[in-house]
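The values are calculated or read from the model by the stated rules, or taken from the named source; none is laboratory data. Worth saying up front: this structure is predicted, and the values here are computed from it rather than measured. Cβ placement follows ideal geometry from the backbone for every residue including glycine, while neighbour counts extend to all protein chains displayed. In case anyone asks, the SASA skips ligands and DNA or RNA and just uses the protein heavy atoms, side chains included. Shrake-Rupley method; radii C 1.70, N 1.55, O 1.52, S 1.80 Å.
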Amino acid sequence: MSTTPTRFPHVAVVREGHLIRTQHAALLEKTRPFLAAGALNGADIATLDAASQRFPVADDADAALAFAFALAAPRQGHLGVELTKLVDRLGDERLNRKDATGEVVDLRLALPANAAAWQARVRQHDAVEEATAHPTRPFVFQSTGEDAGILMTCRMWRQQRRLADGLRRLATEQPDWTPEQGALKARLDGIYGAGPTAMDNAEARRAAESVTKHRLTVITGGPGTGKTWGIKRVLAVLLESAREEGRDLSIELAAPTGKAAVRMAEAMASEDTIDGVLPSTVASLKALEPRTLHKLMGKLPHKPEGFRHGLTNRLGADIVVVDEASMIDVLMMRHLVEAVAEGKRLVLLGDRDQLASVDAGTVLADVVSGVFNDQSARNPALRACVARLTKSHRFKLAASVACVAEGLQTRRSDLIAAAVALMCGDIPALPTWKARLDADPRDDGTTRIRRIVARGGPSFGEGPSTHRDALPDEVMQALATPYTSARVENLRHNPRDATWLPPEPGYAAMIRSRLLQVSEGDTGAAPLTDPHWHETLLEALGRYRVLTAHRQGHRGVAQLNAWLEVAIQNTLTVPGWAVGDRAGRPRRPERSGAHWLGQPVMITRNSYDVNLRNGDIGLIVPRITAAGKRELACVFPAPRLKTATAAGIRYVSLARLPEWETALAMT
């Protein structure tokens, strides 16, 4: 028998299928409940084991527990861990923490009793140093106030420091070219107006002026405040000014996800004419093709965090515009900021209150909050680079939606309570809101936000379902009706005269009508394979979607999609219409494997070989191939692609579809 000691003398199974090995018994014992509940994982322990060869990170079990949470923080979307607030955070998460037996555990009981003393002890540990320009120890403590701070890994501190340095550089340096001021003012006056008539566009104009003057501009605002509307106009101003001076400007548009890039492309192409802008400039803007950030930066597949562009290989664009910047994490933002070439511009668009990054950091929210909470006194240049849009134009004729959005975004307790009351169908007590609702010509009390879900506790998709979780049949029917009804109230208005558009049929009702025409032998009906009809179906599908906050549970995406699929397929079941069917025999929708006629699908993974991105939504329809064969395929809107048909759509074979999911209900 070998007498060589094992490298990992302490082994434990902390949960089913998870075997933890470590050299330190005290570390294993201290972290066991957190490992069992999934708050920490084996990678955190393995990292501490490896670091213990050089640093005393495991000699104190309480300190090692803090280090493990600092290592786990980036996986949970944080740069580091606030030890004094960890008790509260674990308390908020306790309903989602279960041990190996499935029992809910309160992890707060396994933490050191005195959080302040624990933090002070960790702060004095030999493996920790205070935040400095060049830390050399594995962990850094960054003070955020009296007796408060964040414990993070040295790596995360360096990423944060490099990002801060990059933002400061962009904010303080001047662009290598700015338009001639007289011509610039004339163009801005032509677009945004001059004198008293310009008041409605004052915020947008200030944002545009910031883009023309600075290398870095952050434009933040809620939905409908005109972020994309404004960026189109300032890009037009810069393009025309540059051409007048004999310059060529290269512009790159990007977004963190494929879905966001598609929406950005749609917004850029949504206007055929812009007041005060030459038609050729509008055409140039419409020709811009937004990409995902990973595509723009040149993601290197063999390097998990590597990009082709960065500090040593800058981007070639004069202006880089990134939408949905709230979703960009610290690491990606650092790469992006460092990749902007000397003298070139970076414009970040986003809403600090919308989707945050899945990975570590909330860069946009931190920058905006620092500016508007008077925390930027040490760097006034950064304050000058942030433009805030507060006036929403999207809900001019939907007062109830505007009031709810305002209440949730202000975070004031009285407005949040009023917003909840309005969502429950009650008349708000706030006089200003009541006046706005009364002034809305569309809001007669019947078209306000309606609560169709009975009051009760929400389903979090955890554990066994209860009757309280399940949605009543009448609610499910109400969710399906805008898909299946032949007459759906239209919530859009005519932009020319502000009149409301007439009711329109749901997409499933349109398919059913066409199937009935075919089954009844109507020779005047267009075929089911007509591309122009497919384009109309996509437009109808885009008018309505069921949204939910959860993936699982009776109110989650999976359950809602399953129920809505049944409702749609029942709607599309008509007397036999396919060749060879007996007259009057009910026929279910045409199928091909997991797909069926009328099924909306959403792509969940980028696939550049077929030019599909995460978030693209298509519809399963029949088509005639080049060989004259009828088959089911997925049709996508593609007005900007060379592969698009005359109807502005394109087809993708079902065999070539990347990962997808049914898109009747979405998060």
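Data table
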{"item": "Looking only at segment 371-393, and only at residues there that are at pLDDT 65 or above and part of a loop (DSSP other than H, G, I, E, B), the one that is farthest from Ala171 (Cα to Cα)", "result": "His393"}
{"item": "In segment 229-262, residue nearest to Gly407 (Cα to Cα) [restricted to those that are free of Cβ contacts under 8 Å to residues at least 60 places away in the same chain and outside any helix (DSSP H, G or I)]", "result": "Asp248"}
{"item": "Index of the failed condition, Asn96 passing every other in (1) in contact with a helix residue (DSSP H, G or I) (Cβ under 6 Å, 6 or more places away or on another chain); (2) at pLDDT below 75", "result": "(1)"}
{"item": "Lone unmet requirement of (1) assigned to a loop (DSSP other than H, G, I, E, B); (2) open to solvent by 30 Å² or more (accessible area, probe 1.4 Å); (3) more than 14 Å from Val340 (Cβ to Cβ); (4) touching a residue at least 60 places away in the same chain (Cβ under 8 Å) for Val277", "result": "(2)"}
{"item": "Condition broken by Gly77, with the remaining ones in (1) out of contact with any helix residue (DSSP H, G or I) (no Cβ under 9 Å at 6 or more places or on another chain); (2) over 30 Å from Met333 (Cβ atoms); (3) at pLDDT 75 or above satisfied", "result": "(2)"}
{"item": "Close pairs (9 angstrom Cβ cut-off, 6 or more residues apart or separate chains): within 18 Å of Ala638 (Cα to Cα) in segment 280-296, part of a helix (DSSP H, G or I) and open to solvent by 70 Å² or more (accessible area, probe 1.4 Å) anywhere", "result": "Pro290/Arg263"}
{"item": "Search result, residues across segment 200-228 that are free of Cβ contacts under 8 Å to residues at least 40 places away in the same chain and within 18 Å of Leu288 (Cβ to Cβ)", "result": "Ala208"}
{"item": "Residues that are open to solvent by less than 30 Å² (accessible area, probe 1.4 Å) and of a type in the set (Val, Ile, Thr), drawn from segment 46-73", "result": "Val57"}
{"item": "Criterion (surrounded by fewer than 21 Cβ atoms within 10 Å (Cβ to Cβ), over 29 Å from the mean Cα position of the chain (by Cα) and not in a strand (DSSP E or B)) met by exactly one of Asp165, Asp126", "result": "Asp126"}
{"item": "Condition check for Ala202: surrounded by 13 or more Cβ atoms within 10 Å (Cβ to Cβ) and assigned to a helix (DSSP H, G or I)", "result": "no"}
{"item": "Restricting segment 516-571 to residues that are closer than 24 Å to Tyr651 by Cα and aromatic (Phe, Trp, Tyr), the residue that is most open to solvent (accessible area, probe 1.4 Å)", "result": "Tyr544"}
{"item": "Every pair of residues 6+ apart whose Cβ atoms lie under 8 Å, when the first sits in segment 611-636 and is assigned to a loop (DSSP other than H, G, I, E, B) while the second is of a type in the set (Lys, Arg)", "result": "Arg613/Lys259; Asn614/Lys259; Asn614/Arg605; Gly615/Lys259; Asp616/Lys259"}
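Residues checked against (1) buried (at least 17 other Cβ atoms within 10 Å of the Cβ); (2) over 20 Å from Pro175 (Cβ atoms); (3) at pLDDT 85 or above:
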site: Ser250; (1), (2), (3): no, no, yes
site: Ala255; (1), (2), (3): yes, yes, yes
site: Pro301; (1), (2), (3): no, yes, no
site: Glu305; (1), (2), (3): no, yes, no
site: Ala317; (1), (2), (3): yes, no, yes
site: Asp323; (1), (2), (3): yes, yes, yes
site: Met332; (1), (2), (3): yes, yes, yes
site: Val337; (1), (2), (3): yes, no, yes
site: Gly361; (1), (2), (3): yes, yes, no
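Quick grid of which residues meet (1) open to solvent by 10 Å² or more (accessible area, probe 1.4 Å); (2) at pLDDT 85 or above; (3) farther than 21 Å from Val367 by Cα:
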residue	(1), (2), (3)
Glu146	yes, no, yes
Trp157	yes, yes, no
Asp176	yes, yes, yes
Leu188	no, no, yes
Ile191	yes, no, yes
Gly221	no, no, no
